[in-house]
Amino acid sequence: MVTIAERPHSALRSWLGVSVITASLFTFVTTELMPVGLLTPISTSLKIEVGIAGLMVTLYGVSAGLGVPFIVAWTRHVNRRVLLSTLLAILALGNLITAISPNFPLVLTTRLIMGFANGVFWAIGVGMAMRLVPDRYASRASAVALSGISIATVVGIPLGTFLESLSDWRTTFLIWSGLSAVVFVLVATIVPSLPSDNAVSVREVFSLPVKNVRLRLVATAVALYVLGHFGAYTFIRPFAEDNTSASAAFISILLVVYGVSGAAGNFVAGYTVNKNLRATFITACVGILAALLLLLTIGHTKLGLILSVILWGLSFGGANLSQINLTLGAAPDKFEAAMSINTLGYNTSIALGALFGGLFADNFGVESAVWFGVALTALSLVITLGTRKRTASPVVDEALATTGS
């Protein structure tokens, strides 16, 4: 478990550091998912199928998931501020190369390398935020850092789509390269030195789910609903264009609606997870399942599409907060190891979800990607319902209480 002692930093610098890490998470999340809103123009520009363009999400997720246990272990003696600065430099350079890339193979290669940086950030980022503040504020710091996900979905991804409508997709990635560089400077100048104090070996990471049955069940349920979600969500733009003749401006609005709903779901779950974590996760999965079914039945009109996306965002926001707490609750004494497992499973599922969704979309139509999402989310729900309810540890209860406050 992460032990967070009183730090000799001023309160202002500590919370500025947490804010900078939140900005880092925002930058990583938007970089990872930006292609979701840009699939159509990217595929048209590079003369590839839309499902092939979805590999930009797939390969990014593969490297983020599969590489994290090894890279975190290999860098276990590296100061975490130095490591995060390096990751952001890779992100800035990668976005720049993507923006000027003349062909799709170079784009994929670049995204593969950027994915490694993304995975390492997820393993160390929340822990860094918690270490910057005194013990009593640690879980609040983690909640602030994780709010970067909501900000990315509300502002970042829709903004990228809007910028593309004003110029082109290359300009969007060029702007994000500049943003990554700015955050790099902020991390290097504001975040204090953070020597590694919770390093884990590769063997410890991979042995944890083998020994810990509870973590293994949580990881399986999370992997399945993430597979289903991203199998469908990656192709929300083609779905909207095919079924409602949606314009780029409407897609931007739709993604903003989704992002705001996700932030609301995250906020509501901040209270309900403290009352019943398992029930919150189950309710969220039911909501995702219902939203996908609504998308298939009433998503052929713009109003139906918006209503479906509102429920989808609310549910996914709640599921995201729940799955992080479920993961840490399953192994509270192995913080970085548990987060490495979470990162591995979550990002690999993003990759595979985008891959399988693309295969379904290209071969059977975009709606089949949504049916893929329905099937995988339902399976996650079945596994969760079949898992015996367990009591969260006191450490997790305390963290959830703070998050919900």
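The values are calculated or read from the model by the stated rules, or taken from the named source; none is laboratory data. This one's a predicted model, so the numbers in the text were calculated from it and none came from an experiment. Neighbour counts are summed over all protein chains in view; Cβ atoms, including those assigned to glycine, are modelled from backbone coordinates with ideal geometry. Surface areas here come from the heavy atoms of the whole protein model, side chains and all, with no ligands, DNA or RNA. Shrake-Rupley method; radii C 1.70, N 1.55, O 1.52, S 1.80 Å.
Some notes on this structure:
- Cβ-placed point charges (K, R +1; D, E -1), dipole of the stretch 71-155 about Cα centre in debye, nearest 20: 240 debye
- Rolling a 1.4 Å probe across the protein heavy atoms gives the stretch 161-251 an accessible surface of 40 Å² per residue.
- The Ala11 and Val182 beta-carbon pair, evaluated with R₀ = 25 Å, returns a calculated FRET efficiency of approximately 0.55.
- The stretch 166-225: C-alpha gyration tensor shape, a/c 1.5 cut-off, then a/b vs b/c: oblate
- Largest to smallest principal axis extent of the C-alpha atoms in the stretch 6-68, angstrom: 55, 25, 12
- Under Karplus coefficients 6.51, -1.76 and 1.60, residue-wise ³J(HN,Hα) of the stretch 218-223 in Hz, glycine/proline x: 4, 4, 5, 5, 5, 4
- Across the stretch 287-390, Cα-Cα distances exceeding 23 Å account for 37% of all pairs.
- Net charge dipole size for the chain [Lys, Arg +1 and Asp, Glu -1 on Cβ; Debye, nearest 20]: 900 debye
- Using the alpha carbons alone, the radius of gyration of the chain stands to its Kirkwood radius in an Rg to Rh ratio of 0.95.
- The listed residues Phe372, Phe267 rank as Phe267, Phe372 when sorted by accessible area, largest first, using a 1.4 Å probe.
- Rg/Rg_globular for the stretch 203-319, with Rg_globular taken as 2.2 N^0.38 Å and Rg from C-alpha atoms: 1.22
- Computed P(r) (all Cα pairs; the stretch 79-179; 10 Å bins; percent): 15, 36, 33, 13, 3, 0
- Here's the picture: a label point sits 7 Å out from the Cα of Asp242 along the beta-carbon direction, and within the stretch 353-390 the residues with their amide nitrogen under 12 Å of it are 357-372.
- Pairwise centroid distance, computed over Cα atoms, of the stretch 137-171 with the stretch 300-339, Å: 16 Å
- Largest to smallest in accessible area, the residues Arg13, Arg170 fall in the order Arg13, Arg170 (1.4 Å probe, all protein chains included).
- With DNA, RNA and ligands ignored, accessible area of Leu385 (1.4 Å probe; Å², nearest 10): 100 Å²
- Point-charge dipole on Cβ atoms (K/R +1, D/E -1) for the stretch 59-214, about Cα centre, debye to 20: 460 debye
- Asp242 - accessible surface, heavy atoms, 1.4 Å probe, Å² rounded to 10: 110 Å²
- Translational diffusion of the stretch 128-180, µm² s⁻¹ [Kirkwood Rh, Cα pairs; Stokes-Einstein; 25 °C; 0.890 mPa s]: 191 µm²/s
- Loop-resident GluC sites (Glu not before Pro) (DSSP state other than H, G, I, E or B) in the stretch 1-90 with no more than 15 further Cβ atoms inside 10 Å of their Cβ: Glu6, Glu49.
- Annotation: Cα Rg of the stretch 124-280 relative to the compact-globule expectation 2.2 N^0.38 Å equals 1.29.
- Length gained on full extension, Ser201 to Ser45: 51.8 nm, using 0.36 nm per residue less the C-alpha separation.
- Pairs of Cα atoms farther than 20 Å apart, the stretch 73-131, %: 32 percent
- Inter-label distance for Leu359 and Leu66, nm, one decimal - labels placed 7 Å from Cα along Cα-to-Cβ: 1.5 nm
- Among Ala152, Gly299, Val82 - extreme Cα towards positive end, dipole of the chain, charges at beta-carbon: Val82
- Area accessible to solvent at Thr272, 1.4 Å probe radius, in Å²: 50 Å²
- Building the convex hull from the alpha-carbon atoms of the stretch 52-94 and averaging its projection over directions returns 3.5 nm².
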